[in-house]
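The structure appears below as structure tokens.
Every number here is computed from the coordinates shown, using simple stated rules; none is lab data. This one's a predicted model, so the numbers in the text were calculated from it and none came from an experiment. With ideal geometry, Cβ positions are generated from the backbone for all residues, glycine too; neighbour counts draw on all protein chains shown.
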Amino acid sequence: MAEVILEARQLDYRYSGGAAGLRGLDLTVKRGSKLAVLGANGAGKSTLLLHLNGVLRPTRGEIRLDGRPVRYSRQELSLWRQQVGVVLQDPDDQLFAASVFQDVSFGPLNQGLSPPTARERVAEVLHALGIESLWDRPTHSLSFGQKKLVALAGVLAMRPRVLVLDEPTAGLDPWGAQRLVESLELLHRADTTLVMATHDMDLAYGWASEVAVLDRGRAVLQGAPHLVLQDEQLLAGAHLRAPWTLQMGLRLQELGLYPAARVLPRTPEELLMCLKSPELA
Ligand SMILES: Nc1ncnc2c1ncn2[C@@H]1O[C@H](COP(=O)(O)OP(=O)(O)O)[C@@H](O)[C@H]1O
Ligand SMILES: [Mg+2]
């Protein structure tokens, strides 16, 4: 069984206005997984993610890191956040320094790295994300997509073991979204565990090793994407729909155009490939 790195157990969270953000939510993040947290607007994705590095503290229930319940002292929070990095949906909520360099170097300097080593870290992550040219730019002068990448760079510069992203592709153009997914792939290969909240079912199906479906503050099901996302009743109840590629794959199977024993295509590209050369199917 895969090692569990991060866990949410029976989380309740109530906002000060009285709205219930989470209601008895369970989530398991296995080491090395790519977990997509799916849910309609208001399902509780952002609220959950803010619990995963202690920005919000549950009204009831607990978070466990490496099997141990976390504590909320200043020191423990700081250690926790070095291991679990959360990239917020709105980069304006994350960026705070005047320049890109200052913003991205803040985390490494705060971790106690020397200024030259922190500088190397900044160079490394800006290069990995293809945004070296933004180094000296004032953060307020960046486009939305550039801000999103800089916010991600700031978290990556701390080399977290678990990277948590809230709707990372929302508001990006298709090229930007593709670049982001490719960067995540590299991080995954370098042993980073990834958690992504999204309501983009097609993105999640092509990307995730596991999915969790949230509905009104609860995780109604967590498991293998092709199994969870075939459950039309469950998805309809959560105001979601099955990914297009999965629907097409299943329909082709029904029509006898795709072998029942073969793994279903996960992306539109894979689907097109088997339609172009049916002998592969
Ligand atoms: N700052 C807030 N104050 C009060 N209620 C909130 C706040 N943020 C979210 N909520 C409520 O908590 C629930 C979950 O919201 P959220 O976690 O933002 O969902 P999602 O990210 O899935 O769209 C919703 O009912 C929402 O209205
Ligand atoms: Mg949200």
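Summarising the label geometry, the points placed 7 Å from Cα in the beta-carbon direction at residue 260 and residue 117 lie 5.9 nm from one another. Placing dummy labels 7 Å off each Cα toward the beta-carbon, the span from residue 137 to residue 71 is 4.3 nm.
Relative contact order for the stretch 32-160 using alpha-carbon pairs under 8 Å, separation at least 6, rounded to a whole percent? Intermediate results must be reported in sequence, preceding the final value.
Details: 122 pairs, mean separation 35.2, N = 129.
After rounding, I find 27 percent.
Does the chain classify as rounded, prolate or oblate by the C-alpha gyration tensor (a ≥ b ≥ c root eigenvalues; a/c under 1.5 gives rounded; else a/b over b/c gives prolate, otherwise oblate)? Oblate, because a/c is 1.5 or more while a/b does not exceed b/c. Compared with the dominant principal axis of the Cα atoms in the chain, helix 144-156 is inclined by about 70°.
Build a GNM of the chain with springs between Cα atoms under 10 Å apart, and of 85, 67, 107 the one that fluctuates most is 67. Once C-alpha pairs closer than 8 Å and six or more residues apart are averaged by separation and normalised to the residue number of the stretch 210-274, the relative contact order reads 21 percent. Karplus-derived 3J(HN,Hα) values for the stretch 64-81, using 6.51 cos²θ - 1.76 cosθ + 1.60 with θ = phi - 60°, are 10, 10, 6, x, 10, x, 7, 10, 10, 5, 3, 5, 5, 4, 5, 5, 4, 5 Hz; glycine and proline are entered as x. Amide hydrogen proximity for residue 165: with H placed 1.01 Å from N in the peptide plane, the residues at 5 or more positions away or on another chain lying under 5 Å are 87, 195, 196, 197. Straight-line cross-link partners of residue 34 among the lysines, defined as a Cα under 21 Å from its Cα and at least 8 positions apart when in the same chain: 45, 148.
In order along the stretch 182-198, phi translates into HN-Hα couplings of 5, 4, 5, 4, 4, 5, 5, 5, 8, 6, 8, 7, 10, 10, 10, 8, 7 Hz, rounded to whole numbers, per the Karplus curve 6.51 cos²θ - 1.76 cosθ + 1.60 with θ = phi - 60° and x for Gly and Pro. In the stretch 39-115, the alpha-carbon atoms span a convex hull of 120 Å³ per residue.
Largest GNM mean-square fluctuation among 87, 104, 181, using the chain with Cα springs under 10 Å: 181.
Can you sort 96, 144, 106, 101 so the residue with the fewest Cβ neighbours within 10 Å comes first?
96, 144, 106, 101
Calculate the FRET efficiency for residue 40 and residue 189 from the Cβ-Cβ distance with a Förster distance of 30 Å, rounded to the nearest 0.05. Efficiency for this residue pair is about 0.40. DSSP bridge analysis restricted to the chain gives an antiparallel fraction near 55%, rounded to the nearest 5.
For the chain, the relative contact order is 23 percent, taking Cα pairs closer than 8 Å that sit 6 or more residues apart in sequence and dividing their mean separation by the residue count.
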